[in-house]
Amino acid sequence: MKRRDFLKNTAVASSVSLLPSSMWGINQDKKLRTAHIGVGGMGAEDLKSVSSHKMVEVVALCDVDTKNLEAAKLLHPKARVFADYRMLFSDMANDIDAVIVSTPDHTHAPASMLAMQLDKPVYCQKPLAHHVAEVRAMRKLAEEKNLITQMGIQVHSFYDYKLATLLIQSGIIGKVSCVRAWSPKNWGYDGPAPTGTDPIPPNLNWNLWLGTSATRPYKDQVYHPANWRKLVDFGCGTLGDMGVHIFDTPYNALQLDVPFTVKNQCRRPNDFGYPERNTVTYEFPGTPYTAETLKWVWYDGKGAPAMHKDLKLPNKEKLPLQGAMFIGEKGRLLLPHFMELPRHIVDGEYQDIDVTPFELSGQIGEPVRDYGLEGHKHYHQFVDACLGTDTCTAPFSYSARLTETILLGVIAGQFPNRKLHWDNKTARFKEAKANKYLAGNYRDF
């Protein structure tokens, strides 16, 4: 599917007459029949969590690696198996009710768009897509078809993150002027591109793994199964991995839209791997919860974050390994990542936080300190929404904007130390050279 066909198909699909949203709920007397595209790694976790809902029946499994398929088939022996998601939809379009997409990033949009064109609700792993044009197209199609959608940012439904959102919106630290967020993970690669070729493992369909991306020789341990996040043609670096999770709560709490400027301090691009260290600075338009404008600084890679007075903790404590700090007019709020309560800091001292009003209101419920149970919430919310008994809190209408913000920081890495200006209405950079990174070139495969 070429890029022009992807955009053309989106336009065609958007012209289809719409059913009311109530029509998308599945009959509650029947189980939700799910198809899972990508069942290795995080896909295996997604499969486990979705299928843990008592009203789910897994009817289709799809993966380009037969080892992944074999492991998933043992858990769901009645499900049909496929290597190519296009064949899955061709053969089973009338036998599935919802689709879960858990592939590498470059296949998120092609698989999700095809599912939505067939009127299927979609749960898609984060980041929502590989390119800005894709996330905009996914959001547009989902909204025009009135589909139930959810992005896989499981912490969005965790107690601690919902509490932090309510605290910020209650005005506990006043209007926020800056957010600093960080992860020391390194999903970058500063080395040279590989040379030569290795035999393709018999369990891997290399052509289908590449999907819409350009063809290239297979190299063992470079792409599949684990290192694709580091590479510009397939993943979105540390920003696309941990950034989405850690950005989510501040982004949601402050009700942000996309930024108007972005700048990435990093090494020069090498067109193969993402930089191993990034410091990305965004400027956002103000909201009711922020100052006139909001500054946002993201740090990743070894040693992140850089020392700053905004990040000093009481009693000379060390920062959490990963997290975010809100800086407001009346104090600061630290949100560790993850499963730790937020911490309120005023004048260099911790302040007690009374969570009782929020728990009594029913907005966050009781804390669950079991990661498995806590993690199921987000998946089950999607299933229940498909069944007509709940509403998704990270639909594509929200998660596309969050992902676009992430991807603008990734693009800024192509122009180190240079501020780029983004026009939300036209979806274009003022700096024309940056616009070529907004979409990819799909190959036929």
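Points worth noting:
- For region 108-124, a tally of residues being of a type in the set (S, T, N, Q) and surrounded by fewer than 24 Cβ atoms within 10 Å (Cβ to Cβ) returns 1.
- In region 347-404, of all residues being over 30 Å from GLU143 (Cβ atoms) and at pLDDT 90 or above, the one that is surrounded by the most Cβ atoms within 10 Å (Cβ to Cβ) corresponds to ILE353.
- Among the residues of region 422-445, those identified as open to solvent by 70 Å² or more (accessible area, probe 1.4 Å) and either within 14 Å of the chain's Cα centre (by Cα) or modelled with pLDDT of 95 or more (or both) are LYS425, THR426, ARG428, LYS430, ALA432, LYS433, LYS436.
- Going through (1) surrounded by 14 or more Cβ atoms within 10 Å (Cβ to Cβ); (2) at pLDDT 95 or above one by one, PHE338 falls short only on (2).
- Sub-7 Å Cβ pairs linking a first residue in region 76-89 that is farther than 12 Å from LEU208 by Cα and aromatic (Phe, Trp, Tyr) to a second residue that is at pLDDT 95 or above and assigned to a strand (DSSP E or B), at least 6 apart or interchain, number zero.
- Flag if ASP105 is more than 21 Å from LEU32 (Cα to Cα), open to solvent by less than 20 Å² (accessible area, probe 1.4 Å) and in contact with a Lys or Arg (Cβ under 8 Å, 6 or more places away or on another chain): yes
- Those strands (runs of 3 or more DSSP E) lying entirely in region 338-445 with at least 2 residues under 22 Å from ASP300 (Cβ atoms): 420-423
- Failed condition for LEU319, given (1) open to solvent by 10 Å² or more (accessible area, probe 1.4 Å); (2) out of contact with any Asp or Glu (no Cβ under 7 Å at 6 or more places or on another chain); (3) within 17 Å of TYR161 (Cα to Cα): (3)
- Flag for LYS30 being touching a strand residue (DSSP E or B) at 6+ places or on another chain (Cβ under 9 Å), modelled with pLDDT under 95 and of a type outside the set (S, T, N, Q): yes
- Among the residues of region 251-262, those identified as crowded, with 21+ Cβ neighbours inside 10 Å and not in a loop (DSSP other than H, G, I, E, B) are TYR251, ASN252, ALA253, VAL262.
- Number of residues in region 49-81 that are in a strand (DSSP E or B) and either open to solvent by 20 Å² or more (accessible area, probe 1.4 Å) or among the β-branched types (Val, Ile, Thr) (or both) equals 6.
- Among the residues of region 310-335, those that are assigned to a loop (DSSP other than H, G, I, E, B) and free of Cβ contacts under 8 Å to residues at least 12 places away in the same chain comprise GLU317, LYS318.
- Where PRO225 falls short, out of the listed (1) modelled with pLDDT under 95; (2) open to solvent by less than 30 Å² (accessible area, probe 1.4 Å): (2)
The values are calculated or read from the model by the stated rules, or taken from the named source; none is laboratory data. In this text the structure is predicted, and so the values were computed from the model without any measurement. FYI the Cβ positions are ideal-geometry reconstructions off the backbone, even for glycines, and counts take in every protein chain you see. All accessible areas refer to the heavy atoms of the entire protein, side chains included, with ligands and DNA or RNA removed. Shrake-Rupley method; radii C 1.70, N 1.55, O 1.52, S 1.80 Å.
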